[in-house]
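Scroll down for the structure; my scribbles are underneath it.
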Amino acid sequence: MTGRRSPQTYIRKAESALAAARLLVKTESTDGACNRAYYAMFDAAHAALFALGIEGLTRPIRTHHGLIAKFGQEVVLTGHLSAEHGEYLNRADDLRRLAD
């Protein structure tokens with residue numbers, strides 16, 4: 001990612017990954033679609049954590065496991081989003097690793 005990290009930059013990345021996932025589904029490239037769909041969710045989770053002030057430029061989350069755990073703790077368990085959102089992110093991570 002180039003430029004300064006912010007919720008908006010992560011949302012733009014998420015939108016781009018989602019668009020790519022949709023194209024890959026149309027071409028029946030399921031492994032690629034799983035990967036891009038996961039990264040759309042991954043970047044959206046970063047955006048949520050940045051927007052809440054949990055993640056920032058001085059304390060970026062560097063691992064997939066760390067991001068998923070922090071999303072669960074700070075977004076789901078605090079009630080900003082339902083538990084289903086955390087479950088979806090975990091399931092997408094499982095599918096991405098299987099596809100990769």
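Worth a mention:
- If the condition is being loosely packed, with under 13 Cβ neighbours inside 10 Å, among the small types (Gly, Ala, Ser) and at negative phi, then the stretch 67-93 contributes SER82, ALA83.
- Residues that are touching a helix residue (DSSP H, G or I) at 6+ places or on another chain (Cβ under 6 Å) and among the aromatic types (Phe, Trp, Tyr) were ranked within the stretch 39-58; the one that is modelled with the highest pLDDT is TYR39.
- Count of residues meeting criterion [more than 26 Å from GLY56 (Cβ to Cβ) and either surrounded by 21 or more Cβ atoms within 10 Å (Cβ to Cβ) or without any contact (Cβ under 8 Å) to a residue 40 or more places away in the chain (or both)] in the stretch 16-31: 11
- Of the residues ARG12, ARG4, ARG36, the single one that is touching a residue at least 12 places away in the same chain (Cβ under 8 Å), out of contact with any helix residue (DSSP H, G or I) (no Cβ under 8 Å at 6 or more places or on another chain) and either over 16 Å from ARG97 (Cα atoms) or part of a helix (DSSP H, G or I) (or both) is ARG4.
- Residue list for the stretch 64-81, filter: in a loop (DSSP other than H, G, I, E, B) and closer than 23 Å to ARG36 by Cβ: LEU81
- Qualifying position, being on the phi > 0 side of the Ramachandran plot and acidic (Asp, Glu), among GLU55, GLU28: GLU28
- Considering the conditions (1) surrounded by fewer than 16 Cβ atoms within 10 Å (Cβ to Cβ); (2) outside any helix (DSSP H, G or I), ILE61 is excluded by exactly one of them, (1).
- Filter result (modelled with pLDDT of 95 or more and outside any helix (DSSP H, G or I)) within the stretch 82-100: SER82
The values are calculated or read from the model by the stated rules, or taken from the named source; none is laboratory data. None of these values were measured; they are calculated from a predicted model. When we count neighbours, we look across all protein chains shown, and the Cβ atoms used for this are built from the backbone with ideal geometry, even at glycine.
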